[in-house]
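Participant: Take a look at this one; I'll ask things after.
Values quoted throughout were computed directly from the atomic coordinates according to the rules given, and no laboratory measurement underlies them. Bear in mind that the values here come from a model prediction, so they are computed numbers and not experimental data. Ideal geometry is used to build each Cβ from the backbone, glycine not excepted, and the neighbour counts take in all protein chains shown.
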Amino acid sequence: MPLVTTKEMFEKAYAGGYAIGAFNVNNMEIIQGITEAAKEENAPVILQVSAGARKYAKHDYLVKLVEAAIIDTDLPIALHLDHGEDFEICKACIDGGFTSVMIDGSKHSFEDNIALTRKVVEYAHAHGVVVEGELGKLAGIEDDVNVSDADACFTRPDEVEEFVERTGVDSLAIAIGTSHGAFKFKPGQKPQLRFDILEEISRRLPNFPIVLHGASSVSQEYVEIIQKYGGKLDDAIGIPEDMLRQAAKSAVCKINIDSDLRLAFTAGVREYIFNNPSHFDPRQYLAVGRTYIKNLVKHKIVNVLGCSGAAAK
Ligand code: G3H
Ligand code: 13P
Ligand code: ZN
């Protein structure tokens with residue numbers, strides 16, 4: 001099976017009331033851990049690559065590793081550019097074998113975001129590649145936003161129809177209270193997502209796939225292992241899993257997960273190295289990191305995304 005776009009995946013996910021996991025990949029072990037889990041669950045999967053990942057591992061290594069994962073699993077896999085910031089990186093990924101790109105124009109004005117996104121869509125669609133756009137800005141805890149500032153960052157439902165119509169995007173990332181990283185809420189703050197905004201957006205965009213970024217749940221299981229073996233991660237807080245399950249049943253068809261992979265991998269590697277201080281074969285600790293990733297992704301597929309078995313449907 002060749003790499004696929006997300007078009008059919010999203011149509012099925014929307015109709016079936018589940019979401020596809022979009023997992024960030026940076027090396028072979030992470031790709032293997034994710035795709036081995038997806039294989040065992042017979043789940044479609046999106047592997048996404050950030051600009052930082054392309055810089056770290058190099059474009060061609062990542063493409064070839066993902067192609068190897070398809071040979072190994074025979075699963076529907078989409079290869080996606082995460083947070084493309086300009087036309088050039090989107091073009092490089094489209095020309096270089098990706099089947100999906102995100103153009104993240106959310107830092108620009110509405111009109112500039114539309115113009116940039118439209119330009120990427122024209123090039124991508126001419127090459128059989130799908131495009132994710134973004135409206136609204138994800139908050140980070142370091143921004144120290146108060147509620148009214150935060151409100152200004154949420155996606156405005158009254159803008160979504162015009163944005164989708166004028167850009168021609170295939171999916172839309174929205175801001176409803178998730179944020180990137182492992183510190184999503186202040187200590188003592190009650191995690192909350194604006195499901196009312198999500199509902200209003202999906203009412204305005206019938207049958208249109210919505211994307212949630214910043215959707216790691218920061219499981220205490222991994223935080224505790226990291227801390228037990230010498231790591232420092234005070235006050236790491238993610239999105240509660242019941243909220244993500246609720247989102248996955250709605251118009252949200254793609255849920256982005258990176259921080260949870262980092263925590264799982266780091267927990268496994270730390271645990272191994274701590275317990276085996278005289279070992280120095282990287283295969284030994286990387287294999288444990290890979291197994292931790294695999295277990296995490298299986299958990300997400302079954303308990304959060306609801307897409308187990310969906311590769312066959
Ligand atoms: O949303 C960002 C992803 O977590 C990728 O992070 O730019 O450090 O690779 P990165
Ligand atoms: P997390 O940091 O919550 O894993 O979000 C990842 C993400 O949105 C990648 O685009
Ligand atoms: Zn993101």
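Participant: Mind checking the full-extension length gain between Q189 and N42? Use 0.36 nm per residue of separation minus the Cα-Cα distance, one decimal, nm.
Facilitator: This chain segment gains 49.2 nm when fully extended.
Participant: Sequence gap at least 6, Cα distance under 8 Å: using those rules, report the relative contact order of segment 192-292 to the nearest whole percent.
Facilitator: Once divided by the residue count of segment 192-292, the mean separation gives 31 percent.
Participant: If you don't mind, there's one more thing I want to ask. As a footprinting exposure proxy, order M1, M28, M243 by other Cβ within 10 Å, with the fewest listed first.
Facilitator: Starting with the residue having the fewest Cβ neighbours, the order is M1, M28, M243.
Participant: Report ³J(HN,Hα) in whole Hz for each residue of segment 41-53, in order, from the Karplus equation J = 6.51 cos²θ - 1.76 cosθ + 1.60 where θ = phi - 60°; Gly and Pro get x.
Facilitator: 9, 6, 10, x, 8, 10, 9, 10, 10, 8, 4, x, 5
Participant: Using unit Cβ charges (K, R positive; D, E negative) and no other charged atoms, how large, in debye to the nearest 20, is the dipole of segment 15-140 about its Cα centre?
Facilitator: Dipole about the Cα centre, nearest 20: 220 debye.
Participant: OK, next. If I take every Cα pair under 8 Å that is 6 or more residues apart in the chain, average their sequence separation and divide by the length, what percent do I get for the relative contact order?
Facilitator: So the answer I get is 23 percent.
Participant: Among I89, I176, I20, which comes first, then next, by fewest other beta-carbon atoms within 10 Å?
Facilitator: Fewest to most other Cβ atoms nearby, the residues stand as I89, I176, I20.
Participant: Roughly speaking, what is the stretch gain from Q284 to E241, that is 0.36 nm per residue apart minus the C-alpha to C-alpha distance, in nm to one decimal?
Facilitator: 12.4 nm
Participant: In what sequence do C307, C153 fall when counting other Cβ within 10 Å, fewest first?
Facilitator: C153, C307
Participant: Amide H of F183 versus every other amide H placed in the peptide plane: which residues, excluding those fewer than 5 positions away on the same chain, fall under 5 Å?
Facilitator: I237
Participant: Quick query: amide H of I20 versus all other amide H atoms, modeled in the peptide plane; which residues come in under 5 Å with a sequence gap of 5 or more or a different chain?
Facilitator: So I20 has HN proximity to K254, I255.
Participant: Find the relative contact order for segment 8-130 and round it to a whole percent, using C-alpha pairs within less than 8 Å whose residues are 6+ positions apart.
Facilitator: 19 percent
Participant: Charges at C-beta only: +1 for Lys and Arg, -1 for Asp and Glu. How large is the resulting dipole of the chain about its Cα centre, in Debye rounded to 20?
Facilitator: Approximately 740 debye in magnitude.
Participant: Expected output is a single nm value to one decimal: the length gained when fully extending between K232 and K107, i.e. 0.36 nm times separation in residues minus the C-alpha distance. What is it?
Facilitator: So the extension gain works out to 41.8 nm.
Participant: If you take the charge dipole of segment 166-313 about its Cα centre, with +1 on Lys and Arg Cβ and -1 on Asp and Glu Cβ, which of S250, I237, F208 is farthest toward its positive end?
Facilitator: F208
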